[in-house]
1. Gap in Å between the Cα centre of the range A:12-46 and the Cα centre of the range B:166-192?
2. May I ask for the Kirkwood hydrodynamic radius of the range A:15-88, worked out over all distinct Cα pairs and given in angstroms to one decimal?
3. I'd like to know which of A:I124, A:S163, A:F64 lies farthest towards the positive end of the charge dipole of the range A:5-224, counting +1 on Cβ of Lys and Arg and -1 on Cβ of Asp and Glu.
4. Report, in debye and to the nearest 20, how large the dipole of the range A:46-137 comes out about its Cα centre when Lys and Arg carry +1 and Asp and Glu carry -1 on their Cβ.
5. On a full-extension model of 0.36 nm per residue, what is the gain between B:D344 and B:D90, subtracting their alpha-carbon distance, rounded to one decimal in nm?
6. Please give the contour-minus-distance gain from A:D12 to A:K226: 0.36 nm per residue of separation, less the Cα-Cα distance, rounded to one decimal in nm.
7. What number does the range B:209-434 give for Rg over Rh if you use C-alpha atoms and the Kirkwood radius?
8. Indicate the residues belonging to the range B:25-53 that lose 50 Å² or more of solvent-accessible heavy-atom surface (probe 1.4 Å) upon moving from the chain alone to the assembly of all protein chains, ignoring ligands and nucleic acids.
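The values are calculated or read from the model by the stated rules, or taken from the named source; none is laboratory data. From a predicted model like this one, the values you see are computed outputs, not experimental measurements. For neighbour counting, all protein chains shown are included, and Cβ atoms are generated from backbone atoms with ideal geometry for every residue, glycine included. All accessible areas refer to the heavy atoms of the entire protein, side chains included, with ligands and DNA or RNA removed. Shrake-Rupley method; radii C 1.70, N 1.55, O 1.52, S 1.80 Å.
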Amino acid sequence: MADLDLVDFAVDYAREKGASYAEARYEHQIEENFILKNSVLDALYFGEDNGIGVRVLAKGGLGFAATNSMTRADVKAIVDDAVKIAKAAHRKDPIVFPPEAPVVTTWSVPQVKKLSDVPVEEKIEEILHIDRELTDLKIKMPARFFQQGNKQIDKYFVNSEGSRIKSFSPRVRLYYFLTVMANGNVEQTYQNYGWSGGWEALNELEMRRRVIDEAKSMQNSVEHGKKSPEGKMDLVVGPQVSGIASHESCGHPTEADRVLGREASQAGKSFITPASIGQRVGSPIVTVCDDPTIPHGIAYYAYDDEGVKSRRRYLYKEGIINEFLQNRETAAILGTRSNGSARATTYNVEAIVRMANTFVEPKDWGFDEMVEGVKSGVYMKSFMEWNIDDRRYNGKYVGREAYRIENGEITTPVRKTVIELTTPTFWGAVDAVGKDLEIFHAGFCGKSDPGQALDAALGGPTMRLRNVTLR
Amino acid sequence: MEDTAERIVNRAINLGCQDAVADVAVNRSYQIRFAQNQVVISNRWRETTASAFIVYKKRVVASDIKDLTKLEAQVENLVKIAKASQENPDYAGIAKGPFKYDRLVVDKKIVDLTDGSDHVQAAVGAALEEGANECAGSFWKYDEEHFLRTSNGVNGYDRRSSLYLSIRALMGLESSGHGVACATKLSQFDPAKAGHKAGRIAALAKNPVTGRAGTFDIVFDPLIFGSLIDQAGGRAGAYSVLAGLSPYAKKIGKKVASEAVTITDDGSAESIGRRRFDSEGVPTKRNTIIQKGILKTYLHNTSTAKKFKTKTTANAGLIAPDAHALFCKPGDWTKDEIFEECKDGLWLTNTWYTRYQSYVTGDFSTIPRDGIFRIKKGEVVGVWKDLRLTDNLINVWKSVVGLSKNVDQVQWWGEVGVPTFAPYALARKIGITKSAE
């Protein structure tokens, strides 16, 4: 860890140089990634990220500068840079931040088994063990790829309003990509699970079971999968599908910076406008939340990267567009307060509006109950291909693991079920929401320039959609 | 910084490593982001990162070292980690130097540039002039010095400086166009041209109506065609092939595109991706990936080359090989001829979210964004929206019938990651889908 006095110095010096507001974020991230391809440990990546980013408001412009050299001279130099480029903005409408009370606190995520205490050998053995169990299945798998990643993130945030926040956030991920072949058919999958906490993650997430179950389902699909039925019918989707839909067609379009056009050239805009608050976008049973305070969600945080306390945000509430994700900049434009959505991937990029752990709020339906109510339809447990337009209006999900539902019973596996629906059509068709909330599918959510691929959890319970078009 | 790279390599070798590579990068890049026709933030970086690659008894460890004040301790820790790791039997070493490199080409005017606001104004002004009412984008001055040392005798220096601007122009939420400008010489940087293009497409894309699904002939604008070239180049990486992330496995010598298509990767050529050497220090060169529709090679580092019984193509990254800059050989059609030959089709100007159902088969879809135009007998007769290109990568490439004589250098956020030289292209019978009612 560096000399943290430099962080305070950066803020004080920025104010001296004429910044109306200044913040500095020091981060020290230890990152390790184990890359296993076809049973061979290709490489182990070990990085120790370390540096400071300074953001200032001066003459109505925003400036940001960063360095990894934690010396007084270099910190001074980036403050000079940030103030100078902020002043050069010459904006017609000055950027302002709504006031926030100063916060002085420390927060951290507990670890049952500290990442730093687990030897490299043990971590490697865990991945090798999963790979061995896979190969023992004797399924034809021409390609197997695993990436197990661990991060330990220390931050110290200071701003000119008096906030001083220290935090520690350990995170664990397991990504895998599998290819199964049989009878001339090929099935591929990728899955990404994440956890805020220690090495207990792999047990808590039951990763061994999940990988094995998935490989077996892939074999079942390539060997016995039938063509998916087409036409209008009922669809039951698993937590992974409701999770991606929450993220793509609710979380993204309710990001205030996207609504306001700040991301127009990169991650795009939104079909939602400031005037859309209060409008219906889904059925009354649909409530989609984004919540950084979910324990062990990979995007857990107590305070965001602007020092604002985190809280649950109800983005779609009972089918109505309810709230945007806000940082201080967007909140000022929209005449509201930040709801703690500002995050940055590392010290060397600005904090922008981001989702955290996004999910459909569970209700009280049981899985069997939902299936029993379907005369003819499909259960799409997971997906492979997906995409959505930059307004977040036209989404597509193609089934990975899917089954035919006939007369209330799950029957044969079906392949490549396609749903290609608008956002209101998708959410408007939901008539039942389960109680089986899962929130540990993890994504690298992409946004901003330079690109910030950020930890985000995508979750939800099983849901039933009535009378939607399947292809 | 030469010292830093050398110290890393020497320390690793002294600690028993068989191979070591250190690439110390000094980043002095600068960026302006703009939205709603004005600057939203400016960013500047003063960073020095030592990327290290060490191998102890075939145990491979890669790292980015940011705290250079504790260099020795950091390398010792990496070696300790390597000793605890597992052997990679596929590891086949790093290239043997020393090498001679091409003359360094850097435009001092770019290196000395401290303010890019005029370039932003030029782009925004041009787009507004065309009729757009909202512009957003980024201006970049990239400036990185690289000091490379390897335990196999490589001693390389490179400076990679370039200018880049990306602008999206809008006339309302559903009418937009995109333009980019890329240059390694200030005198060749033309942000106004990018602005005009974005604005012109936005103005033309006014009042779109929901399109229909079907099979259409497609005129690909360079930005979206660049995305397809990027897909072809990325899937040709040997690591992608080995990991099951490519439809090109076992297809060397086979037809993967139409005869009109020749794609090369060339890190040594003039482009914003130009570099003198790859991550092992091998001088970059031209590699033909697809020649007249036939797959000729994958992109390799030393280890993947050995696995495929061939030589490195000078595309080493720290762990996996990557393309540097992709070039689609121009055709002999004029841009007008490309459009004239499209009797009943669509002109797509940009795309994003290219995703695969199966990398092995190449089944994918991608979502056109910005202007989507209905073409009949070579003329724009309508503006559509809400469509998706749903097809197969190899099929799309086999369907290309014509390429324009002129190519544009394009790169774009998320979708065209590698600088790419792309012509206008005409492809026949491409699948288009849309959301169900």
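1. Value for the Cα centre distance between the two parts: 31 Å.
2. Working: mean 1/r = 0.0708 Å⁻¹.
It works out to 14.1 Å.
3. Checking the options against the dipole of the range A:5-224, the answer is A:F64.
4. Values: 12 positive and 15 negative charges, 234 e Å.
Using Cβ point charges on Lys, Arg, Asp and Glu, the range A:46-137 gives about 1120 debye.
5. On the way: separation 254, 0.36 × 254 = 91.44 nm, distance 5.09 nm.
Extending this stretch completely gives an extra 86.3 nm.
6. Numbers: separation 214, 0.36 × 214 = 77.04 nm, distance 6.65 nm.
Computed gain between A:D12 and A:K226 is 70.4 nm.
7. Taking Rg over the Kirkwood Rh, I get 0.98.
8. Buried-area filter returns B:R33, B:Q38, B:V39, B:V40, B:I41, B:S42, B:R44, B:W45, B:R46, B:E47.
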